[in-house]
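The values are calculated or read from the model by the stated rules, or taken from the named source; none is laboratory data. Worth saying up front: this structure is predicted, and the values here are computed from it rather than measured. Note: ideal-geometry Cβ built from the backbone for every residue, glycine included; neighbour counts use all protein chains shown. Ligands, DNA and RNA are excluded from the accessible area calculation, which covers all protein heavy atoms including side chains. Shrake-Rupley method; radii C 1.70, N 1.55, O 1.52, S 1.80 Å.
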Amino acid sequence: MNLHEYQGKSILKKFGVAIPESVVVDSPDAAVEAAKQIQSKTGTDTWAVKAQIHAGGRGKGGGVKIAKSLDEVRKYADSILGMTLVTHQTGPGGKVVHKLLVEQGIYYPGESKVEEFYMSVLLNRQTGRNIIMYSPEGGVDIETVAEKTPHLIFREEIDPGVGIQSFQARRIAFNLGLEGKAFKEMVRFAISLYKAYEGCDASLFEINPVFKTSDNMIFAADAKVVLDDNALFRYPEYAEMRDITEEDPAEVEAGKYDLNFIKLDGDVGCMVNGAGLAMATMDIIKLSGGDPANFLDVGGSANAKTVEAGFRIILKDPSVKVILINIFGGIVRCDRVAQGVVEAYKSIGNIKVPVIVRLQGTNAEEARELIDESGLKVYPAVSIQEAAGMVREMV
């Protein structure tokens, strides 16, 4: 589950990570009041006005502005709220901005040289250990740093059984070229960041930039946080942070029926039971000359209701030219799936795209009888190769 910057920073603050004073707002008037509130606490006369969407590159897209007066706070808030922000992570369609974060300006007056670092915490799946990845080249795309100056990316692997050790945090500060007060602050920052990562079962904490002020304070100037969906039952307060307006509507609807659905860019809709079979089916579609339009795993408890829901979700994609249903009846019964197909046809009506159905396994014969007796225009297939051939012809 992705979090907004302001939500991620609220978790960081809970674990002692230093963040700038900030307030989330949804109107220009509220933005001005937030700026006044921040000024009364910090004395700052500059503010960052930042769009809150689930995507990086907001600054390059015009979604982050530095205001040097309250009038500019209002001006920027008015221009950013409601805009469709397009970045390299949103795709060409962009995302509509519904909320802003008004934040304390941490560029001090007269400051000529600032230092920005990159730091993230994630799991190294090859070693089964957590890893802190960091670089003195913060504030830019880490992919660019990795490509052009790979020697400036450092890694600190951490045994999850013992957690981050003080010597590791000190090595991080040393590799970033810090000394004195800034060195001590970075040690504290790295330890607190790792504790935040572990303390909420996150799969990613990315801070870009980590900012060092001229008086050697260390701040998390941004925060990209991804939480592990499977652990949310432990943290109801974090589960409430979910913003479905930032998610694909089809994926949100699929979640209501416990369907595992991911939208893709192809033209062949897939409905399969089991993630492994779904991946194999997508490979077959690709080899047949088509492109999968989605990943849809109906799971082992599929019934007529979930199959109908899956049908509706797939058909909402205008790029779908054909639907392939590939079910191996082990736990799930093929006749239940067939009944779902029949009911979906009757309920939705006027399905214009061809539907290829391959049902093998438990109650496959009964399923075929249901399909045959329904009079529906579907194309039965016995083998996966036969189904692939039909996809090739229809696409």
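Tabulated results
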item	result
Two-site label geometry, Arg234 and Thr149: point separation in nm, points 7 Å out along Cα→Cβ	3.7
Spatial separation of Cα centroids for the range 304-354 and the range 43-91, in angstrom	43
Portion, in percent, of the accessible area of the range 261-395 that falls on carbon or sulfur, probe 1.4 Å	53
Heavy-atom accessible area per residue - the range 38-171, 1.4 Å, Å²	53
Point-to-point label distance, Lys60-Arg188, nm (Cα→Cβ direction, 7 Å offset)	3.4
P(r) weight above 20 Å for the range 301-362, C-alpha pairs, percent	21
The chain, relative contact order [Cα under 8 Å, separation at least 6], %	12
Rounded to whole Å, sorted largest first: equivalent-ellipsoid semi-axes of the range 194-338, Cα gyration tensor	38, 18, 14
Ile348 accessible area, 1.4 Å probe, all protein chains in place, Å² to nearest 10	50
Extreme residue, positive dipole direction of the chain, given options Thr127, Ala190, Val24 (C-beta unit charges)	Ala190
Entries in Lys14/Lys184; Lys50/Lys256; Lys14/Lys68; Lys36/Lys212; Lys60/Lys99 that, when Cα-Cα distance is taken, lie over 26 Å	Lys50/Lys256; Lys14/Lys68
For the range 243-277 and the range 122-164, distance of Cα centres in Å	31
Principal-axis tilt of helix 70-80 within the chain, Cα atoms, nearest 10 degrees	20
Options [x] 80, 48, 40; [y] 61, 47, 35; [z] 61, 60, 54 - which one matches Cα extents along the principal axes in Å as calculated here	[x]
Share, in percent, of DSSP beta bridges within the chain that are antiparallel, nearest 5	75
Most to least accessible of His4, His54, His151 (protein chains only, probe 1.4 Å)	His151, His54, His4
Pairwise label distance in nanometres, Val140 with Glu251, each label 7 Å out on the Cα-Cβ vector	3.0
Helix 28-42 vs. the chain, principal-axis angle (Cα, 0 to 90°, nearest 10)	40
Residue order for Asp291, Asp71 - accessible surface, 1.4 angstrom probe, largest first	Asp71, Asp291
Computed [θ] at 222 nm, deg cm²/dmol, the chain (DSSP H ≥ 4; -39,500 (n - 2.57); rounded to nearest 500)	-11500 deg cm²/dmol
Convex hull volume per residue for the range 115-252, taking Cα atoms only, in Å³	143
Contact order relative to length of the range 118-181, as percent, for alpha carbon pairs under 8 angstrom and 6 or more apart	29
Accessible heavy-atom area order of Phe167, Phe311, highest first, probe of 1.4 Å	Phe167, Phe311
Å² of accessible area per residue within the range 261-395, as computed with a 1.4 Å probe and no ligands counted	46
Relative contact order, percent, the range 100-227 [alpha-carbon distance under 8 Å, six or more residues apart]	28
Largest-first principal axis extents, alpha carbons of the range 120-184, Å	33, 33, 16
Gyration tensor (alpha-carbon) shape descriptor, the range 252-364, a/c threshold 1.5	rounded
Largest-first principal axis extents, alpha carbons of the range 3-47, Å	29, 23, 13
Computed accessible area, Glu185, all protein chains, 1.4 angstrom probe, square angstrom	40
Helix axis angle, 180-199 relative to the chain longest principal axis, alpha carbon, degrees	20
